[in-house]
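Below you'll find the structure, written out as structure tokens, and then a few comments.
The values are calculated or read from the model by the stated rules, or taken from the named source; none is laboratory data. Predicted model only: the values in this text are computed from it and were never measured. FYI the Cβ positions are ideal-geometry reconstructions off the backbone, even for glycines, and counts take in every protein chain you see. Note: accessible area is taken over every heavy atom of the protein model, side chains too, but ligands, DNA and RNA are not part of it. Shrake-Rupley method; radii C 1.70, N 1.55, O 1.52, S 1.80 Å.
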Amino acid sequence: ISSYMILFDNPPQCLYFYDMNKWDKQRQAYKEMKPYYYHLSSDGWKEGLLFHTVEQFAYGMILMGLLTLRYGVVIFDFVLMPNHIHILLKGSGEQCLQAFDYFRKKLSARLVKDGYPPLPDDYGFVLIPVEAEEQMRVNILYLARNPYEKNMAVPGGYPWGTAYLHEI
């Protein structure tokens with residue numbers, strides 16, 4: 001049995017390593033993924049929150065805009081949840097990895113500045129290819145409903161993402 005599982009055969013392969021000690025191998029696999037549409041889903045941080053205050057959520061919103069400018073990714077949809085994030089984007093695996101690293105670094109520094117613990121060094125994500133238009137629709141609905149499913153807002157009423165822009 002290999003140390004990873006191939007989730008998709010075609011288009012690009014999404015490699016997810018179950019042994020997080022192999023995060024470097026996972027990162028290398030992401031670097032080799034071709035430009036495509038992806039769902040980037042960060043790890044759920046069980047020991048803490050990514051966002052504690054309205055100001056931190058607002059900072060996360062600003063960071064989303066900076067990712068497009070700094071790394072050339074195109075963000076179609078996203079949601080900032082208290083302990084994880086979801087982003088539907090287009091870019092190469094390398095661009096997605098750089099964008100996530102920037103987001104993680106900046107958010108971690110903000111957490112420390114505000115008196116909270118930093119994100120762990122191995123705080124990671126999974127990068128899943130979005131293979132068809134229908135799958136993109138399903139992902140958009142998933143992101144839009146995520147805060148509602150967690151009893152955080154009415155549909156379309158969550159301000160920390162793009163769901164309020166959609167008519168669902």
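State the number of residues belonging to region 26-75 that are under 16 Å from Phe103 (Cα atoms) and not in a loop (DSSP other than H, G, I, E, B). Here the count works out to 24. For region 1-47, the tally of residues that are at pLDDT 80 or above, open to solvent by 70 Å² or more (accessible area, probe 1.4 Å) and either over 18 Å from Glu94 (Cα atoms) or of a type in the set (Phe, Trp, Tyr) (or both) stands at 1.
The rows are residues; the columns are (1) under 14 Å from the mean Cα position of the chain (by Cα); (2) surrounded by fewer than 18 Cβ atoms within 10 Å (Cβ to Cβ); (3) among the basic types (Lys, Arg).
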residue: Gln98; (1), (2), (3): yes, no, no
residue: Phe103; (1), (2), (3): yes, no, no
residue: Pro117; (1), (2), (3): no, yes, no
residue: Asn139; (1), (2), (3): yes, no, no
residue: Asn146; (1), (2), (3): yes, no, no
residue: Lys150; (1), (2), (3): no, yes, yes
residue: Tyr158; (1), (2), (3): no, no, no
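The C-beta contact set for region 85-110 (first residue among the hydrophobic types (A, V, I, L, M, F, W, C) and modelled with pLDDT under 95, second residue outside any helix (DSSP H, G or I) and open to solvent by less than 10 Å² (accessible area, probe 1.4 Å), distance under 9 angstrom, 6+ apart or interchain) is empty. Inspect all residues belonging to region 123-134 and state whether any of them is part of a helix (DSSP H, G or I), open to solvent by less than 60 Å² (accessible area, probe 1.4 Å) and touching a strand residue (DSSP E or B) at 6+ places or on another chain (Cβ under 6 Å). So far as region 123-134 goes, no, none of its residues is part of a helix (DSSP H, G or I), open to solvent by less than 60 Å² (accessible area, probe 1.4 Å) and touching a strand residue (DSSP E or B) at 6+ places or on another chain (Cβ under 6 Å).
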